[in-house]
Amino acid sequence: MPRTSHLLYLHGFRSSPQSFKARTLAALVQNQHPGVTWWCPQLPASPRQAMDDIGVGVSAWPRDSMAVVGSSLGGFYAACLSQQLGCPAVLLNPAVEPARDLEGYIGEHPAWHDPTQKVFFEMAHVQELRALQAQPPQATPRKLAVIAKGDEVLDWREMLARHGAGQVRLIEGSDHALSDFELYLPEILDFLRLA
């Protein structure tokens with residue numbers, strides 16, 4: 001397997017490229033691997049639009065040396081993308097049943113990193129998530145799931161059941177945001193062949 005030359009980061013629901021994990025990884029790539037193409041787009045609330053935008057953004061990327069990292073809802077998107085394209089994926093506390101989990105969030109919400117920005121989540125977006133969940137995988141990519149038992153938002157047992165066939169880093173404790181993210185960077189970089 002070649003080293004990663006193009007790296008995509010997908011943030012979670014109500015999050016942004018300003019998330020701690022996204023900024024940490026962006027700085028690391030910029031400082032230690034300046035030749036790697038890095039992209040962390042601001043994702044729209046619509047899952048279909050998000051996946052369309054991502055597909056356009058990576059359409060010219062080399063499939064054999066690109067990889068994707070996703071957190072929470074972004075982890076769900078990353079799993080979908082990697083199954084479509086066959087590229088490796090790092091899934092950080094990935095959402096497993098986002099249609100079910102986000103059904104209770106219909107309406108307007110402040111964005112995490114800028115409360116003046118609003119996220120409008122609609123019932124149509126739940127349907128779009130159901131459609132994404134129903135898509136059969138086209139590839140069986142390499143994946144590393146980083147799963148915290150201390151996740152206060154998502155059930156670690158569901159994450160493990162869905163992604164346990166790949167490489168798994170099961171953490172005792174931590175939290176949904178992986179506040180101790182730096183501890184797992186060596187393993188993530190090794191998996192991405194950036195170590």
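Side notes on the structure shown:
- Residue-level check: of (1) open to solvent by less than 50 Å² (accessible area, probe 1.4 Å); (2) under 21 Å from Gln83 (Cα atoms); (3) aliphatic (A, V, I, L, M), Ala148 misses just (2).
- Residues that are open to solvent by 90 Å² or more (accessible area, probe 1.4 Å) and farther than 26 Å from Ile54 by Cα, drawn from the stretch 162-173: Glu172
- Restricting the stretch 1-16 to residues that are over 17 Å from Ser46 (Cα atoms) and open to solvent by less than 40 Å² (accessible area, probe 1.4 Å), the residue that is nearest to the chain's Cα centre (by Cα): Tyr9
- Meets criteria (hydroxyl-bearing (Ser, Thr, Tyr) and open to solvent by less than 40 Å² (accessible area, probe 1.4 Å)) for Tyr184: yes
- Given (1) part of a helix (DSSP H, G or I); (2) crowded, with 23+ Cβ neighbours inside 10 Å; (3) not aromatic (Phe, Trp, Tyr), number of the condition Gly70 does not satisfy: (1)
- Hits in the stretch 129-140 - residues which are surrounded by fewer than 20 Cβ atoms within 10 Å (Cβ to Cβ) and either within 17 Å of Val69 (Cβ to Cβ) or of a type outside the set (Ser, Thr, Tyr) (or both): Arg130, Ala131, Leu132, Gln133, Ala134, Gln135, Pro136, Pro137, Gln138, Ala139
- Residue list for the stretch 43-60, filter: part of a helix (DSSP H, G or I) and among the β-branched types (Val, Ile, Thr): Ile54, Val56
- Test set (1) surrounded by fewer than 18 Cβ atoms within 10 Å (Cβ to Cβ); (2) on the phi < 0 side of the Ramachandran plot; (3) out of contact with any Pro (no Cβ under 9 Å at 6 or more places or on another chain) - Ala195 fails condition number: (3)
- The stretch 17-44, residues that are within 19 Å of Ala79 (Cα to Cα), in contact with a Phe, Trp or Tyr (Cβ under 9 Å, 6 or more places away or on another chain) and surrounded by fewer than 20 Cβ atoms within 10 Å (Cβ to Cβ): Pro17, Trp38, Trp39, Pro41
The values are calculated or read from the model by the stated rules, or taken from the named source; none is laboratory data. The structure presented is a predicted model; accordingly, all values stated were derived computationally and were not measured. A quick note on method: Cβ atoms are made from the backbone with ideal geometry, for glycine too, and the neighbour counts reach across all protein chains shown. Ligands, DNA and RNA are excluded from the accessible area calculation, which covers all protein heavy atoms including side chains. Shrake-Rupley method; radii C 1.70, N 1.55, O 1.52, S 1.80 Å.
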